[in-house]
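Heads up, the thing below is written out as structure tokens.
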Amino acid sequence: MALTHTGAQFDQAVLFHRSVLGLQPHESVEVADPYGLLRSRALSNDDGRLRLVLNLAPASDGDEHPTQHIAFVTDDILAAARRFRAAGAEPLAIPANYHDDLDARYDLDPAELAAYREFGILYDRDEHGGEFHHFYTATVGRVFFEVVQRSGGYDGYGAANAYIRLAAQRS
């Protein structure tokens, strides 16, 4: 789950989740957002099964109710994307040049890459070969959903793809 906060709420939320829930904070990262920098800090329990991301929203037009984010884990991202579409839902539309870039950066199987393009699946790989596959829904009200698959020990949150999601949500 990702919770977006404004101003002083961000540091208070980190302290709350650390002291009351016993979650361990990870390094803060800053992600480029079409409206400014988005500061993000992950927290997790000892075995990593419970993960929470806190975001500090960039200054906005006074919106005190930022968008929230809930992620679900799957062990087969393509099967999940197919079930999602079969249920009548469409994933967030991802610009075609994102998948063109994936093709240039990674040696992905062409059929796999075609499926990623078809279902709006984003991909990341860490320095240890761990992989992260994920797709998003459109925002409904003030919440959007993400479906994720981690493999090979990938422990991140797909921060390398955050700017793509943010831009796609704004278009």
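The values are calculated or read from the model by the stated rules, or taken from the named source; none is laboratory data. In this text the structure is predicted, and so the values were computed from the model without any measurement. Quick reminder, even Gly has a Cβ in these numbers, built from the backbone with ideal geometry, and neighbours come from all protein chains shown. For accessibility, only protein heavy atoms count, side chains too; no ligands or nucleic acids. Shrake-Rupley method; radii C 1.70, N 1.55, O 1.52, S 1.80 Å.
Quick one: what does P(r) look like for the chain with 10 Å bins over all Cα pairs, in whole %?
Spelled out bin by bin, the chain gives 9, 37, 36, 16, 2 percent.
Give the range of the longest stretch in the chain that excludes all GluC sites (Glu not before Pro) found in loop regions by DSSP and having at most 16 other beta-carbon atoms within 10 Å.
1-63
Provide the percentage of antiparallel DSSP beta bridges, counting only those with both residues in the chain; round to the nearest 5.
75
Sum up the charges of everything whose Cβ sits under 11 Å from the Cβ of residue 28, counting Lys and Arg as +1 and Asp and Glu as -1, but leave residue 28 out.
In short, -1.
Say the dipole of the chain comes from +1 at the beta carbon of Lys and Arg and -1 at that of Asp and Glu; which of 78, 99, 44 then lies farthest toward its positive end?
It is 44, whose Cα lies furthest towards the positive end.
Let me know the charge dipole size of the chain about its Cα centre in debye, to the nearest 20, where only the beta-carbon of Lys, Arg (+1) and Asp, Glu (-1) is charged.
Charge dipole, the chain, about its Cα centre: 520 debye, nearest 20.
Would you mind getting the accessible area per residue of the chain, heavy atoms of the protein chains only, 1.4 Å probe, in Å²?
Value returned for the chain: 56 Å² of accessible area per residue.
Can you tell me how much longer the chain between residue 105 and residue 26 gets when fully stretched, taken as 0.36 nm per residue apart minus their C-alpha distance, in nm with one decimal?
Computed gain between residue 105 and residue 26 is 25.7 nm.
Arrange the residues 15, 78 by how much accessible surface each exposes, largest first, with a 1.4 angstrom probe.
Ranking 15, 78 by accessible area, largest first, yields 15, 78.
Only sites in a loop by DSSP and with at most 13 other Cβ atoms within 10 Å count here; which trypsin sites (Lys or Arg not before Pro) in the range 41-131 make the cut?
49
Run the accessible area of the chain with a 1.4 Å probe and give the carbon-and-sulfur part as a rounded percent.
Answer for the chain: carbon and sulfur cover 53 percent of the accessible area.
Provide the per-residue ³J(HN,Hα) series for the range 124-135, in order, calculated from phi with Karplus coefficients 6.51, -1.76, 1.60 and θ = phi - 60°, each as a whole number of Hz, with x at glycine and proline positions.
Coupling constants for the range 124-135: 9, 9, 8, 5, 9, x, x, 10, 9, 10, 7, 9 Hz.
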